[in-house]
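Just below is one structure, and these are the notes that go with it.
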């Protein structure tokens, strides 16, 4: 395993290390650390849609109105506030898990347990009998998932040197996207298979089928659990012991954020602004995607098949291309490419809204959207990783990834209101326009060079 102390806090674009030859860049994907991130990425990606996109399909099929579905997407704000408890995940031991597994793996296992319990609870509750129990279970899944993200981001950053982070990010993103397809398409297939009779008309919703589907998703978390149990703990960085409670709070709560401001000074505001809106087009649009499929008359099997076959191929291609191009051309160039493609793919959904139930058009749109998402996400994860200081990897990365979701998810809560007022085509066009300011911020952020001294990068 590579020594995590070799990782730099500087942006990948300004690294002085020579670029890897194509052969060496591709071989990185076969290293154990990269393969572990593939499996752990699956564990991280599985819960997200089950409390957002897939849940919105389930609720719409159960007859819940779009405005309520939009507001319920605020469950995802748990991801936007994970920086609040990230310092505890970064520093606080969990006896006996920390003793048995290490700091990173102990927190990962606890978080995965919370996700499993929450998914089982969501399986056992029927939304037609009241949304409150289902919402509480969804919140537990979101909290456990966000905690898993905090520990996993630190685990990934500490598992390889800086120039390999793009490959780890691509592997993570591939696993993440595979899980999202399983939690998006796979759960629909399972639910369709578990139906006791063809579901049509008012009887379309069968809670027993969704119960089976969500229990299968809970069992699928075993991929992450086994990977955690079989993985080595990253080399632990020895941290100075605090003399008192005030010093501990300073080092745990304040210093990670102060370190970032010291390194980037006034440029920190620009970087944080870019992080805050980079994925805004995708996140805001995504909440209404599944209700859109239901309202356009697409069946669970059709949506699942298109996402599974065409979506997975283009997602894998996008994540792979994004990771390789980031190592060859630099993260910022691919970040710009991803921003352009992500906004443009939303316009395709606006076109699809005019086509009605057109399966061929759905295949084309989903394929293009997944390709764009894979490229953008691989580059963005590598960019966020390059901003962290290894001494505060969990806390700083949690701050970045939380900020990435906070504003988009808040705006997404009103997506159902917008669709009810103006229609799907106008909604998708508006989400594409949200991506225009991102292009300007990427261009400005590409000019930033770090002022971090060599001693601070260790």
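The values are calculated or read from the model by the stated rules, or taken from the named source; none is laboratory data. Treat the numbers as computed from the prediction; the structure is a model and nothing was measured. Don't worry about glycine lacking a Cβ; one is built from the backbone with ideal geometry, like all the others, and counts go over all protein chains shown.
Residue selection: residue 365 satisfies the criterion of being more than 17 Å from residue 279 (Cβ to Cβ), buried (at least 19 other Cβ atoms within 10 Å of the Cβ) and without any contact (Cβ under 8 Å) to a residue 24 or more places away in the chain. Evaluated against (1) on the phi < 0 side of the Ramachandran plot; (2) in contact (Cβ under 8 Å) with a residue 60 or more places away in the chain, residue 102 falls short on exactly one condition, (1). Within segment 116-150, if we keep just the residues that are touching a residue at least 12 places away in the same chain (Cβ under 8 Å) and outside any helix (DSSP H, G or I), the residue that is farthest from residue 395 (Cα to Cα) turns out to be 126. Taking the conditions exactly as written (touching a helix residue (DSSP H, G or I) at 6+ places or on another chain (Cβ under 8 Å) and more than 23 Å from residue 408 (Cβ to Cβ)), does residue 95 satisfy them or not? No, not satisfied.
Listed here are the residues, each with its yes/no results for (1) closer than 30 Å to residue 84 by Cα; (2) surrounded by 23 or more Cβ atoms within 10 Å (Cβ to Cβ).
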position: 258; (1), (2): yes, no
position: 268; (1), (2): yes, no
position: 271; (1), (2): yes, no
position: 281; (1), (2): yes, yes
position: 310; (1), (2): no, no
position: 326; (1), (2): no, yes
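None of 188, 140 is at pLDDT 80 or above and either over 20 Å from residue 58 (Cβ atoms) or surrounded by 24 or more Cβ atoms within 10 Å (Cβ to Cβ) (or both) except 188. Checking the structure you have, find out if any residue of segment 327-337 is more than 23 Å from the chain's Cα centre (by Cα) and in a helix (DSSP H, G or I). Checked against the condition, which is being more than 23 Å from the chain's Cα centre (by Cα) and in a helix (DSSP H, G or I), segment 327-337 yields at least one hit.
Pairs are defined by a Cβ separation below 8 Å, a sequence spacing of at least 6 or placement on different chains, a first member in segment 371-397 that is farther than 30 Å from residue 348 by Cα, and a second member that is at pLDDT 75 or above and not in a helix (DSSP H, G or I); the pairs so defined are 390/158; 393/158; 396/388; 396/389; 397/388. Restricting attention to segment 68-109, the residues being surrounded by 20 or more Cβ atoms within 10 Å (Cβ to Cβ) and within 19 Å of residue 420 (Cβ to Cβ) number 4. Take residue 65 and decide whether it is in contact (Cβ under 8 Å) with a residue 60 or more places away in the chain and either under 19 Å from the mean Cα position of the chain (by Cα) or crowded, with 22+ Cβ neighbours inside 10 Å (or both). So residue 65 does not fit the description; no. Of the helices (runs of 4 or more DSSP H) lying entirely inside segment 210-269, those carrying at least 1 residues that are modelled with pLDDT of 75 or more, under 22 Å from residue 115 (Cβ atoms) and over 22 Å from the mean Cα position of the chain (by Cα) are 222-230. Selection over segment 390-399 of residues that are farther than 14 Å from residue 159 by Cβ and surrounded by fewer than 24 Cβ atoms within 10 Å (Cβ to Cβ) gives a count of 1.
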